[in-house]
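The values are calculated or read from the model by the stated rules, or taken from the named source; none is laboratory data. Everything numeric here is computed off the predicted structure, so don't read it as measured data. Heads up, the Cβs are rebuilt from the backbone with ideal geometry, glycines too, and the neighbour counts pull from every protein chain shown.
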Amino acid sequence: MQNWAIEIQNLSKIFGRKKVALDDIDLAVPEGSVFGLMGPNGAGKSTLIKILMGIIFPSSGTAALLGRDISNPSGELRQDIAYVPEVQNFYPSFYVEDILGYCQRVYPNWDKKRCKTLLKAFDLPIEDRVRELSKGMKTRLAHIIALSIRPRLVILDEPGSGLDAVIKQEFMRLYMQEAASGAGIFFSTHNLHELERMADQVAVIMKGKLLFQRSLDEWKANSRKIQAIFPEGLPEEIKDLPGLLRVETQGKVYSIVLGDHFTENLERIKALKPQYMDTLDISLEDLFVYTMKKEGYSHEIALLE
Ligand code: ADP
Ligand code: MG
């Protein structure tokens with residue numbers, strides 16, 4: 001039987017009377033996988049993560065972390081689960097040292113030696129109060145804590161925000177190391193290069209709905225841009241290709257963007273006898289943008305006055 005790091009069923013969240021932030025989400029994150037959650041601003045990513053972490057409650061539906069139901073009030077539920085929110089909210093008057101002391105008491109697998117190594121490597125002054133730390137330093141502290149609890153599952157909400165590139169890459173490398181030794185990593189991000197480098201599975205949410213969840217390799221293997229010349233104009237059949245995201249036209253050259261069924265579509269396009277045809281790879285960023293546009297999220301402006 002497959003073990004799930006995160007299992008979400010029929011999860012919905014309505015804020016106030018009618019603000020639907022999550023709409024019937026089903027998601028399953030296999031244990032040991034690195035899972036990237038994508039979606040435009042306001043899609044519901046942070047809401048989903050906050051529900052998993054027990055910060056807010058779902059309106060309906062269920063979820064389990066490492067097989068434990070999130071509605072169970074037991075304190076043991078999240079003792080081996082690390083969470084780094086988008087914005088850190090440590091008490092401003094606390095000393096870093098006190099926060100670490102507190103963590104040591106509440107997390108049973110707290111690794112003091114590892115914490116010490118990380119504090120030194122990331123130049124964190126333990127004698128400072130939180131209010132004296134810059135935003136980046138607070139984020140470093142959150143990542144240091146996350147790694148020191150020796151997590152079986154790591155949940156990160158836009159982990160790169162507020163960190164410089166060197167520090168960000170170093171933390172990501174450390175999380176990948178955790179993944180290699182069996183921890184599950186679930187993170188939301190806008191950084192698609194990072195996602196491409198790290199994730200083995202991705203999901204896209206938009207306006208509170210899950211568009212899809214799939215393996216990144218499988219998604220990339222099935223997606224391409226095909227350029228073809230049809231002197232007589234675009235054949236009608238192209239519009240019915242499964243997985244078609246977009247067709248762009250430049251004179252007689254058509255760029256046919258496919259988000260799925262590449263091999264099958266290639267044969268179908270060949271059968272239409274284009275005068276010329278070429279296949280181009282497509283970056284994850286382009287794939288994401290084309291997918292969003294297809295779903296009606298475009299923000300295209302003709303020209304700025
Ligand atoms: P994301 O993290 O994907 O950018 P969020 O989960 O933060 O998106 O927000 C999803 C939607 O829910 C947005 O429309 C946001 O305005 C709304 N929302 C989030 N938190 C609250 C709240 N506490 N009260 C009302 N609406 C909220
Ligand atoms: Mg967010």
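As a summary of the residue check, Val20 satisfies the conditions (1) under 21 Å from Glu158 (Cβ atoms); (2) out of contact with any helix residue (DSSP H, G or I) (no Cβ under 7 Å at 6 or more places or on another chain); (3) within 14 Å of ligand 1 (Cβ to nearest atom); (4) hydrophobic (A, V, I, L, M, F, W, C) except for the one numbered (1).
In segment 9-23, what residues are closer than 16 Å to Met206 by Cβ and in contact (Cβ under 8 Å) with a residue 40 or more places away in the chain?
Passing the criteria: Leu11, Ser12, Lys13, Val20, Ala21, Leu22, Asp23.
Taken over segment 41-55, the criterion of being buried (at least 23 other Cβ atoms within 10 Å of the Cβ), more than 7 Å from ligand 1 (Cβ to nearest atom) and not in a helix (DSSP H, G or I) is satisfied by no residue.
Give me a count of the residues in segment 216-271 that are touching a Gly at 6+ places or on another chain (Cβ under 6 Å) and either more than 17 Å from Met292 (Cα to Cα) or touching a residue at least 24 places away in the same chain (Cβ under 8 Å) (or both). First the steps, then the outcome.
Going through segment 216-271, the residues touching a Gly at 6+ places or on another chain (Cβ under 6 Å) turn out to be 223, 243, 245, 258-261.
Right, trim to either more than 17 Å from Met292 (Cα to Cα) or touching a residue at least 24 places away in the same chain (Cβ under 8 Å) (or both) and you get 223, 245, 258-261.
So the count comes out to 6.
In segment 60-86, the residues that are without any contact (Cβ under 8 Å) to a residue 60 or more places away in the chain and surrounded by 12 or more Cβ atoms within 10 Å (Cβ to Cβ) form Cβ pairs under 6 Å with partners that are of a type in the set (Val, Ile, Thr) and not in a helix (DSSP H, G or I), at six or more places apart or across chains, as follows: Ala63/Ile8; Ala63/Ile70.
The set of residues in segment 71-88 being away from ligand 2 (no atom under 16 Å from the Cβ), part of a loop (DSSP other than H, G, I, E, B) and in contact with a Lys or Arg (Cβ under 9 Å, 6 or more places away or on another chain) consists of Ser74, Asp80. The numbered conditions (1) modelled with pLDDT under 95; (2) at positive phi; (3) buried (at least 19 other Cβ atoms within 10 Å of the Cβ) are all true for Lys207 except (3).
Scanning segment 122-162 for residues that are closer than 21 Å to Asn109 by Cα and within 16 Å of ligand 1 (Cβ to nearest atom) yields Ile155, Leu156. In segment 258-271 there is no residue that is modelled with pLDDT under 90 and either within 27 Å of Val29 (Cβ to Cβ) or touching a strand residue (DSSP E or B) at 6+ places or on another chain (Cβ under 9 Å) (or both).
Helices (runs of 4 or more DSSP H) fully within segment 93-157 that include at least 3 residues being of a type in the set (Ser, Thr, Tyr) and over 27 Å from Leu77 (Cα atoms): none found.
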